[in-house]
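These notes are about the structure you will find just below.
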Amino acid sequence: MKNGGAASIVDLVQELSDEELKVMLWKVYASWEKKEEPKEVDGKFTWPLPFNGPKSVTTLLEATGWSHSDISIFEEALFNNSERHRRRSGCHKGEVTWPDLQQVFREAHCAKKGVKEWVDENPGAPEAHPLNKRVRLRLAIERRKIKDLFVGKWRM
């Protein structure tokens with residue numbers, strides 16, 4: 001990212017066009033590691049990742065072009081559980097979920113747009129925004145399984 005003196009996650013999101021933000025978030029979503037069995041977190045099954053390490057949120061953001069300073073700004077927003085930020089109480093550096101990441105970007109996107117709260121727009125549309133609440137990792141299809149989904153024997 002450009003990071004021309006960005007001091008907050010809102011500043012980072014403001015540097016991106018809406019389309020650039022969508023593309024970046026879809027890349028993170030598509031690359032999220034889902035090979036292990038899902039873990040139940042807050043009553044939902046998901047694949048938490050550590051914030052740092054070889055297969056982590058940090059490596060996903062780096063793969064989309066984020067610098068270390070951009071990631072440290074995101075880290076501050078993710079783990080700063082103030083009244084202004086509504087984070088999952090169990091979010092910590094060893095266990096970050098896709099909804100945790102979505103919430104940080106929802107808040108930043110809302111601040112950029114000057115709106116109070118995120119509202120899903122046409123969540124069933126194929127061009128749905130990756131921040132929509134219905135965009136969950138359990139709905140992701142691995143590239144190698146797409147053919148089986150469309151031509152499997154179970155199809156009528």
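Quick notes
- Zone of residue 63's modelled label, taken as backbone nitrogen in the range 98-123 under 17 Å from a point 7 Å along Cα→Cβ: 98-99, 101-102
- Computed lengthening from residue 34 to residue 121, 0.36 nm per intervening residue step minus Cα-Cα distance: 28.7 nm
Read the figures in this text as sums done on the coordinates, not as results from a lab. This one's a predicted model, so the numbers in the text were calculated from it and none came from an experiment. Please note: Cβ atoms are built from the backbone with ideal geometry, for glycine as well, and neighbour counts cover all protein chains shown.
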